[in-house]
1. State whether region 190-256 is rounded, prolate or oblate according to the following rule on the C-alpha gyration tensor (a ≥ b ≥ c being the square roots of its eigenvalues): a/c under 1.5 gives rounded; otherwise a/b larger than b/c gives prolate, and the remaining case gives oblate.
2. What is the ratio of the Cα radius of gyration of the chain to 2.2 N^0.38 Å, with N the residue count, to two decimals?
3. Please identify, among 148, 45, 78, the residue showing maximal mean-square fluctuation in a Gaussian network model of the chain using a 10 angstrom Cα cutoff.
4. What does the C-alpha gyration tensor say about the overall shape of region 119-254? Classify as rounded when a/c is under 1.5, otherwise prolate if a/b is larger than b/c, or oblate.
5. Express the relative contact order of the chain as a whole percentage, based on alpha carbon pairs under 8 Å and six or more residues apart in sequence.
6. With 10 angstrom as the radius, rank 33, 228 by how many other C-beta atoms surround their C-beta, starting from the fewest.
7. Which angle from 0 to 90°, rounded to the nearest 10, does the C-alpha axis of helix 116-130 make with the longest principal axis of the chain?
8. Please compute the modelled spin-label separation between residue 252 and residue 48, points set 7 Å along Cα→Cβ, answer in nm with one decimal.
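Taken together, the values in this text are just the output of simple stated rules run on the coordinates, not laboratory data. Keep in mind that this is a model prediction, so the values were computed, not measured. Here the Cβ positions follow ideal geometry from the backbone for every residue, glycine too, while neighbour counts run over all protein chains shown.
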Ligand code: HEM
């Protein structure tokens, strides 16, 4: 190997260093029951509210896209914390109380050991496979941030963006076009408020006409369902609570709900069309790619080692009083 190639390899290993520190066995000694506790709590949450899993995986996505998978999305407003929850991209996000319940159960068993960021990664996997989707081995070792980045949350991918803008936002965090299409497949479950697509029903891009890439029968159904901008409808009109490949077959039938969904199939000549066709052809193909893309997303810039902290309460950074185990007076 030439010395230049060797240097590149060396730099690559250094840059990838934070990836390498996430491991499957991170909690084997300190909290071996952690995956089981999370799974039990996610199952319970889904039994109470069928949308719970969808809410959890959306949190993980929004966490990882803003300053890496570090639990920053969960922090509420506090002195020095401008909460990401108030960012534009987090409009409508729900489910913080589900994260609280999971965290409380984990803390009861292993206090101060498991990060909120790892809980989101694990809960996302459970949410998917408990609703019929694939399972994968989650990597652990992420730590929680002591900062939030509201501006980053303002800039999360938006349903009103075009394909190039979406691709760019994924590229910026190290995800490629295949990841964009596969991960969008998470819209096979969960709901969206009408405000995120109502422009497509009647006045698309100020044209005074509906979006031409929206199936007319589906449009009528949506018009009937959307009695207010706040109403929520199924992201997948065929199997709304099941994790399957129907997201992609919906796109093939012009039944993608959000503009950002349908453009994956409707942007002329786009490379995403072939990817949609491929992922929509066999469930195994989608599931295999989804696992890979989820692991890749979960690896975005984690805090590891002595960076950040293990929050006791996912909504707040620990203060010195918490760390010392008593209240600050
Ligand atoms: C490609 C860019 C994406 C855009 C523009 C986008 C946009 C949206 C919007 C507008 C909603 C509705 C929010 C609401 O009404 O509360 C939503 C819901 C959802 N998104 Fe995405 N999303 C994207 C990618 C993803 C990814 C990568 C995932 C996960 C891997 C994901 C998972 C979900 C889920 C599960 C829901 C339903 C949540 C619920 O029922 O509360 N999305 N998304």
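1. Note, shape of region 190-256 comes out oblate.
2. Working it through for the chain, the quotient is 1.03.
3. Ranking 148, 45, 78 by mean-square fluctuation puts 78 first.
4. Note, shape of region 119-254 comes out prolate.
5. The value is 24 percent.
6. Listed from fewest to most nearby Cβ atoms, that is 228, 33.
7. Helix 116-130 sits roughly 50 degrees off the main axis of the chain.
8. 3.9 nm
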